[in-house]
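The values are calculated or read from the model by the stated rules, or taken from the named source; none is laboratory data. Owing to the predicted nature of the structure, the values given are computational and were not obtained by experimental measurement. Counting neighbours? That spans all protein chains shown, and the Cβs are built from the backbone with ideal geometry, glycine included. Side chains included, ligands, DNA and RNA excluded: accessible areas come from the protein's heavy atoms. Shrake-Rupley method; radii C 1.70, N 1.55, O 1.52, S 1.80 Å.
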Amino acid sequence: MTAAAEACHRTLVVFDFDQSLLEDDTDRWSMKLGGDEAAALRASRGRDDCWTDLMGEIFAVIHSKGVGREQFEAHMQGMVIHTDMLAACKLMEGRTDVDCFILSDSNSVFIDVLLERYVLKNLFKRVVTNPAHFDENGCLRIQHCHSHSCATCVLNLCKAEFMSEFIATTPYARKVYIGDGGGDLHAALQLSPGDTLLARRGYPLMKKLATPAGQDFKANLVPWDSGTDVLSWFQKHLSS
Ligand SMILES: [Mg+2]
Ligand SMILES: [Zn+2]
């Protein structure tokens, strides 16, 4: 088979991370290390403030409390991936016809720690997120994922731009997106008829799809409550 013909049979599977691949939200989980001071800082900010920049300030608060890299990473390792969500991921392992990506507004340190903890590092061909690192003093530093000109997404990340890039690079036969948040909507609008969006029931993405902002959505919509629903969909539709 030629490379082009092979490419036509490929499947793209894109996971959002917080509250999609992962049960909980990494930023909220990390904030617990910053105590009341972090909570007050968060409460002082409005909806229009950049969340990623706020997290940078919260990581500085956490560092000021004497929390070093080891303790921070151990805390993050306590986060849970639902057993069946993990099984759904494992189902994709070793598949040469499937490309699994993560597209997330969390950060590279949190995602790395958890992919390592759940032995998922090799599954994901690409992780697109806000770059982060611990500096020489052990303080976690975060940067914006990219700059973009989209008026509907948050300042630091337009997931649609990356979706378009994934799709332009490889002519996928079908695409699957697993998400929950408002930030996933613009990415979901890049899906074509025949593609599938697995959207978490009761979360902002489902709500936004029902508003005028979601009227251009063209793919199949599969609402899900837990990893069990995602696993059964994967078993039915993505089994080799
Ligand atoms: Mg999410
Ligand atoms: Zn956008």
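Miscellaneous remarks
- If you go through segment 158-188 and keep only what is away from ligand 1 (no atom under 11 Å from the Cβ), in contact (Cβ under 8 Å) with a residue 12 or more places away in the chain and open to solvent by 10 Å² or more (accessible area, probe 1.4 Å), you end up with Glu161, Phe162, Ser164, Ile167, Thr170, Pro171, Tyr172, Ala173, Arg174, Lys175, Leu185, His186.
- Residue match in segment 71-83 (condition: more than 16 Å from ligand 1 (Cβ to nearest atom), under 17 Å from Tyr177 (Cα atoms), touching a Leu at 6+ places or on another chain (Cβ under 9 Å) and open to solvent by 50 Å² or more (accessible area, probe 1.4 Å)): no
- When segment 200-223 is limited to residues that are touching a Phe, Trp or Tyr at 6+ places or on another chain (Cβ under 7 Å) and not in a loop (DSSP other than H, G, I, E, B), the one that is nearest to ligand 2 (Cβ to nearest atom) turns out to be Leu209.
- Just one residue in the set Leu115, Leu157 is touching a strand residue (DSSP E or B) at 6+ places or on another chain (Cβ under 9 Å), within 27 Å of Gln235 (Cβ to Cβ) and not polar (S, T, N, Q); that residue is Leu115.
- Only residues that are in contact with an Asp or Glu (Cβ under 7 Å, 6 or more places away or on another chain) and open to solvent by 70 Å² or more (accessible area, probe 1.4 Å) were counted across segment 118-135, and they come to 1.
- Condition check for Thr152: β-branched (Val, Ile, Thr), touching a residue at least 24 places away in the same chain (Cβ under 8 Å) and within 16 Å of ligand 2 (Cβ to nearest atom): yes
- Residue check: Val113 meets all listed conditions (1) assigned to a helix (DSSP H, G or I); (2) within 27 Å of Ile167 (Cα to Cα) but one, namely (2).
- Some residue of segment 86-95 being outside any helix (DSSP H, G or I) and within 16 Å of ligand 1 (Cβ to nearest atom): no
- Subset of segment 189-204 that is within 16 Å of ligand 1 (Cβ to nearest atom) and crowded, with 22+ Cβ neighbours inside 10 Å - its residue that is farthest from Thr11 (Cα to Cα): Arg200
- Leu157 vs. criteria more than 16 Å from ligand 2 (Cβ to nearest atom) and closer than 25 Å to Ser30 by Cα: no
- Scanning segment 12-64 for residues that are within 29 Å of Phe166 (Cα to Cα), buried (at least 21 other Cβ atoms within 10 Å of the Cβ) and more than 16 Å from ligand 1 (Cβ to nearest atom) returns a single hit, Leu12.
- The residue of segment 136-157 that is nearest to ligand 1 (Cβ to nearest atom), among those that are open to solvent by 20 Å² or more (accessible area, probe 1.4 Å) and not in a loop (DSSP other than H, G, I, E, B), is Val154.
- Residue match in segment 129-136 (condition: within 26 Å of Thr11 (Cβ to Cβ) and either in contact (Cβ under 8 Å) with a residue 12 or more places away in the chain or among the aliphatic types (A, V, I, L, M) (or both)): yes
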